[in-house]
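One structure is given below, encoded as C-alpha cells.
The values are calculated or read from the model by the stated rules, or taken from the named source; none is laboratory data. From a predicted model like this one, the values you see are computed outputs, not experimental measurements. All Cβ positions, even for glycine, are placed from backbone atoms using ideal geometry, and neighbour counts span all protein chains on display. Keep in mind that these areas ignore ligands, DNA and RNA; they rest on the heavy atoms of the full protein, side chains included. Shrake-Rupley method; radii C 1.70, N 1.55, O 1.52, S 1.80 Å.
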Amino acid sequence: MITLEVEGMTCQGCVQSVERALKKADPTAEVAIDLASGRVELKGALTPDAAKAAIEATGFDVKN
C-alpha cells in the first residue's frame with residue numbers, strides 16, 4: 001500500500017479529481033482518500049513516483 005499526503009484538497013470535487021487521476025493511471029487501483037487529513041491510500045500496480053506524478057498532474061502538491 002502507498003500512503004501519500006496531498007495538499008490543496010478542499011472539497012469533494014478535489015477528492016474526485018485525485019481519485020479519477022489515480023484510476024486513469026491504474027484502473028485496478030483501490031483508492032481511499034481522507035479529505036480532512038489529505039491522506040491518500042492506494043493499493044495497486046502504481047509505484048509511489050507514478051502515483052505522485054498522477055496527483056501532481058491534477059494540480060495538487062504531494063508532501064512525501
ask   = Any idea which residue in region 10-32 is least open to solvent (accessible area, probe 1.4 Å), counting only those that are among the hydrophobic types (A, V, I, L, M, F, W, C) and in contact with a Lys or Arg (Cβ under 8 Å, 6 or more places away or on another chain)?
value = ALA29
inquiry  = Just to check your reading of the model, which residue among VAL15, VAL6 is of a type outside the set (Phe, Trp, Tyr), free of Cβ contacts under 8 Å to residues at least 40 places away in the same chain and either outside any strand (DSSP E or B) or in contact with a strand residue (DSSP E or B) (Cβ under 6 Å, 6 or more places away or on another chain) (or both)?
reply    = VAL15
query = List, please: which pairs have Cβ atoms under 8 Å, are six or more places apart or on different chains, and start with a residue in region 27-48 that is outside any loop (DSSP other than H, G, I, E, B) and end with one that is loosely packed, with under 13 Cβ neighbours inside 10 Å and small (Gly, Ala, Ser)?
reply = VAL40/ALA32; GLU41/ALA32; LEU42/ALA32
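Quick check on this structure: which one of THR58, THR28, THR10 is touching a Ser or Thr at 6+ places or on another chain (Cβ under 6 Å) and of a type outside the set (Lys, Arg)?
Going through THR58, THR28, THR10 in turn, the sole match is THR58.
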inquiry  = Quick check on my filter: what residues within region 33-45 are surrounded by 12 or more Cβ atoms within 10 Å (Cβ to Cβ) and either in contact with a helix residue (DSSP H, G or I) (Cβ under 7 Å, 6 or more places away or on another chain) or closer than 18 Å to THR10 by Cα (or both)?
reply    = ILE33, ASP34, LEU35, GLY38, ARG39, VAL40, GLU41, LEU42
